[in-house]
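Engineer: Sharing a structure with you now.
The values are calculated or read from the model by the stated rules, or taken from the named source; none is laboratory data. These numbers were taken from a predicted model, which means no experiment stands behind them. Every residue, glycine among them, receives a Cβ derived from its backbone with ideal geometry; neighbour counts consider all protein chains shown. Surface accessibility is based on the protein's heavy atoms, side chains included, excluding ligands, DNA and RNA. Shrake-Rupley method; radii C 1.70, N 1.55, O 1.52, S 1.80 Å.
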Amino acid sequence: MSEKIISGFSVVAYATQPEGRIPPRAFLETRRLPVKGAAAADATAEGAEPDAAQAPPEPQSQAFEIFLSRRFRSTIEAMSAARNALDRVKSVDAEGVPDPLPE
């Protein structure tokens, strides 16, 4: 897996192994990074431990399959394509969609 931090999102490139008749596939996945807010700093300054109920929810991730029209011959080829796509990503919008998103 390759990772890049852009606009408060972790963008990860990865590929899947072939399964039966399904060929290897390439993906980009985005996950919002947790914000270290002032509320957490205030709670620790007062000596209080943050409650599990008060903890922010686990960041949601979004996976985007890329190069849908392409059939990869191997997982290595799919991973190379995913890394190249990750290198081209310049920004991530507020919903977590990378730009540019290939095919």
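Engineer: Would you rank Lys4, Lys36, Lys90 by solvent-accessible area, highest first, keeping every protein chain in place and using a 1.4 Å probe?
Structural biologist: Lys36, Lys90, Lys4
Engineer: Hey, can you rank 80-87, 67-74, 16-23 by average C-beta count inside 10 Å, highest first?
Structural biologist: In decreasing order of mean packing, 80-87, 67-74, 16-23 become 80-87, 67-74, 16-23.
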